1. Just to be sure I understand, how many residues within segment 43-71 are more than 28 Å from L154 (Cβ to Cβ) and surrounded by 13 or more Cβ atoms within 10 Å (Cβ to Cβ)?
2. Do we find that W27 is in a helix (DSSP H, G or I) and within 30 Å of A220 (Cα to Cα) in this structure?
3. Go over the candidates I54, I81, I49 one by one and state the one that is part of a helix (DSSP H, G or I) and touching a residue at least 24 places away in the same chain (Cβ under 8 Å).
4. Hey, any hits in segment 204-220 for a residue that's in a helix (DSSP H, G or I), in contact (Cβ under 8 Å) with a residue 40 or more places away in the chain and not polar (S, T, N, Q)?
5. Is it true that some residue in segment 81-96 is loosely packed, with under 14 Cβ neighbours inside 10 Å, at pLDDT below 90 and polar (S, T, N, Q)?
6. Which residue pairs have Cβ atoms under 7 Å apart, sit 6 or more places apart or on different chains, and have a first residue in segment 110-122 that is loosely packed, with under 12 Cβ neighbours inside 10 Å and a second that is of a type in the set (F, W, Y) and in a strand (DSSP E or B)?
7. Of all residues in segment 221-240, how many are at pLDDT 85 or above, in contact with a Leu (Cβ under 8 Å, 6 or more places away or on another chain) and either part of a helix (DSSP H, G or I) or of a type outside the set (A, V, I, L, M) (or both)?
Amino acid sequence: MTVILENLPFLSGKESVVRSVARWHEWATHNEPNNWQDLLDKSDRALEIVGREIAAAKSSAEAAAASLRWQTYDTGRAQMIATLLGIAKRRMQAQPIFAADQGRAIGFIAFGKDAIGGTLKAIPLSHWEAGSMDWDRSILSVADGVQWYGVKILDLFDLESGLGAQLVEEINEPALDENEGTGGPGRPTSLHLVEIEFRRRRDAGQLKASLAGECDHLAAWLKSTHPSRPQMTSKTIQNRIRAEFKSARK
């Protein structure tokens, strides 16, 4: 891997992960009222105000009433944090997308060590699907005793535009890729990049009306966005995403 992992701006702890998810939701909702970022800020302000009320209480009754409000607000914030960490885990299960309008990759990538003293490496998406994350200890536990230690989360939105896309490419680079239909086994392919963009367009409701039209667009997108990567024809892409496209258009 040409990207030096130690130099990347990993999120520092559980609270940073929570804030990053909230910031993403603020961006995704175009800062609509009561997005997660807004709700967290309101919760923090409420706790700060009640904390001052407790400190300034002139009687035990005032202090008890303020403490009860503080507990209510704190419980609500804890529930928000649990929800946002659940969203973070689901985002770790999903392939990052490349937002052409932003010119950057968007998503989370998790790294960890699969043995104590081991080297830092990308955690497979399937391990997040099957695993249980201890956010306080930074350990992801998977089946059969498999564990990832010192888990670090990277928000691709924090990277320079080209670096995020490069990192996603390097992590997803298969050792032996499938054929593109015109070469032998092991021929490099950009299928994973095309699939990421196709699924982003599907989730955003941007698919073309026909499979041919969609694949023409994806072939052109690959050529303009990743000119140095192996190119794919529209016909080849059709053969690869036909079933997914049909399912998406139902």
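1. Qualifying residue count, segment 43-71: 15.
2. yes
3. After ruling out the rest, the residue left standing is I81.
4. Within segment 204-220 (the criterion being in a helix (DSSP H, G or I), in contact (Cβ under 8 Å) with a residue 40 or more places away in the chain and not polar (S, T, N, Q)), the answer is no, since none of the residues qualifies.
5. no
6. Sorted first by the residue in segment 110-122, then by its partner, the pairs are I116/Y149.
7. 6
The values are calculated or read from the model by the stated rules, or taken from the named source; none is laboratory data. Just so it is clear, the model here is predicted, and its values are computed rather than measured. Neighbour counts are summed over all protein chains in view; Cβ atoms, including those assigned to glycine, are modelled from backbone coordinates with ideal geometry.
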